[in-house]
1. Remind me, relative contact order of segment 372-432 in percent, using alpha carbon pairs under 8 angstrom and six or more residues apart?
2. Sum -39500 (n - 2.57) across every DSSP H segment of at least 4 residues in the chain, then divide by the residue count to get the 222 nm mean residue ellipticity, nearest 500.
3. When the Kirkwood radius is taken over all Cα pairs of segment 45-108, what Stokes-Einstein diffusion coefficient follows at 4 °C and 1.567 mPa s, in µm²/s?
4. How many Å² of accessible area per residue for segment 348-432, probe 1.4 Å?
5. Which of the GluC sites (Glu not before Pro) found in segment 212-289 are in a DSSP loop and have at most 13 neighbouring Cβ atoms, other than their own, within 10 Å?
6. Can you give me the accessible area per residue for segment 220-272, using a 1.4 Å probe, in Å²?
7. Per residue, how many Å² of accessible area does segment 154-211 show with a 1.4 Å probe?
8. Would you mind checking segment 299-322 for residues with the amide N under 20 Å from a putative spin-label position 7 Å along Cα→C-beta of Arg284?
Amino acid sequence: MDWLDKSTCNYLAVKNVASELLKSGFLQLHQNSPWKIHPGGKYFMIKNDSAIFAFSVGKGISSFINGSFFIAAHSDSPCLRVKPNPEIYGEGGVVSLNVEKYGGGILSTWFDRPLSMSGRITLKSENPLYPSTDLFDYEAPIAVVPNLAIHFNRGVNEGYPISVQKDMKPVIGYFPIDEILRAREKYGFLLPIIASKAGYEPDQILDYDVSLYPCEKALLCGLKEEYIMSARIDDLSMVFAGLEALLNTTTEEDDFDHIRFLAIFDNEETGSGTRQGAASPVLRDMLERIAYSLGCNKEQFHQGVANSFMISADNAHAWHPNYNEKYDPTNHPVIGGGPVIKINSNGKYMTDSVGAAVFKSLCYKAGVNYQVFVNHSDVAGGSTLGNILTSQLDINGVDVGNPIWAMHSAIETGGVSDHLDMIKVFETFWRK
């Protein structure tokens, strides 16, 4: 819960993962520097500040040939992203922000809640081709998207279309006219606020990637505190579970002869089509560098890929007690019932019977119950990392996740026991 509270955007989630890896003895690699990979080593690489890939190598140089065993998740979540030149000036000195929707969020859940902001700033440097970057988190309520009173929108409870451009403008305050004039002449209101929080002058900042996030902290809910409620459960809960499992299994006492690989991509919520997304060649490029640094030849590289397996971990839809008709009649997982295997005959997920059997076997070995999710046959489902990654790597795998309510809401709900069980399965997978 503390980790979710600190990871208020994709950039900070990656920073927090990296911090834990460094504390556990992992060495950071860089794409533009030579790699020297050694048996028994622990390494990670960050891409675009928003994706991170960590791996530990077994004791022998045969580790790569024996296969790489991946847990993949993603760092991004649906949110409101701040546009350039964001200030919109209104009556009485009210200033709002011009934002756009990132991913497929449930927009109505963003109304009437305190919002803060965090993200990445890009700074001037001596070489214009290599600007420097830094991260920040405002850590306090700075904005609200106010709802329209029901008296002006009598049909609000019957449902109405929401325009991001019109309805979703967050208000950051009201200001005297002289303050507004000064702001409009120079940097506006937002950039100086960001610069001050990050410790820079406004003219040092060339650009930014800033998201708004709900200020509510993660909490436990239910009579038995069996539920966890938080922003960004999809998919930071799987990021955290994978990180916990990697750190718990990468110890001096562990004697293994394969590659343990945690791959955290960005931009899954917008289709993964970026250089740090699952559709990019970044993971295959890393595998090639690992293999060749360990002394494998091209033939051995292909053997290693063929012996590999991937668990694509992105959360699943939990059965909702108010909407039974939306779910498949025989395959609807419930919160508290255990990790979920996600199946789609049209290839939305990478799961087939072999991949499902592997995950079921891991659950048996870990002493954990599993569930199965299949879409209602009349309801189209989404896709995730697994099937996209198979366009870059010819490996077997399975798509899984934990059951949650209100996926893509500003605040989602999951199960405490499911989260702990998934960590057990991930640890069993890497210890196999």
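The values are calculated or read from the model by the stated rules, or taken from the named source; none is laboratory data. If you're wondering where the values come from, they're calculated on a predicted model, not measured in any experiment. With ideal geometry, Cβ positions are generated from the backbone for all residues, glycine too; neighbour counts draw on all protein chains shown. Surface areas here come from the heavy atoms of the whole protein model, side chains and all, with no ligands, DNA or RNA. Shrake-Rupley method; radii C 1.70, N 1.55, O 1.52, S 1.80 Å.
1. 19
2. -8000 deg cm²/dmol
3. 79
4. 40
5. For GluC sites (Glu not before Pro) across segment 212-289 that sit outside H, G, I, E and B with at most 13 neighbouring Cβ atoms in 10 Å, the list reads Glu225, Glu252, Glu253.
6. On the way: 1950 Å² over 53 residues.
The answer is 37 Å² per residue.
7. 64
8. 299-312
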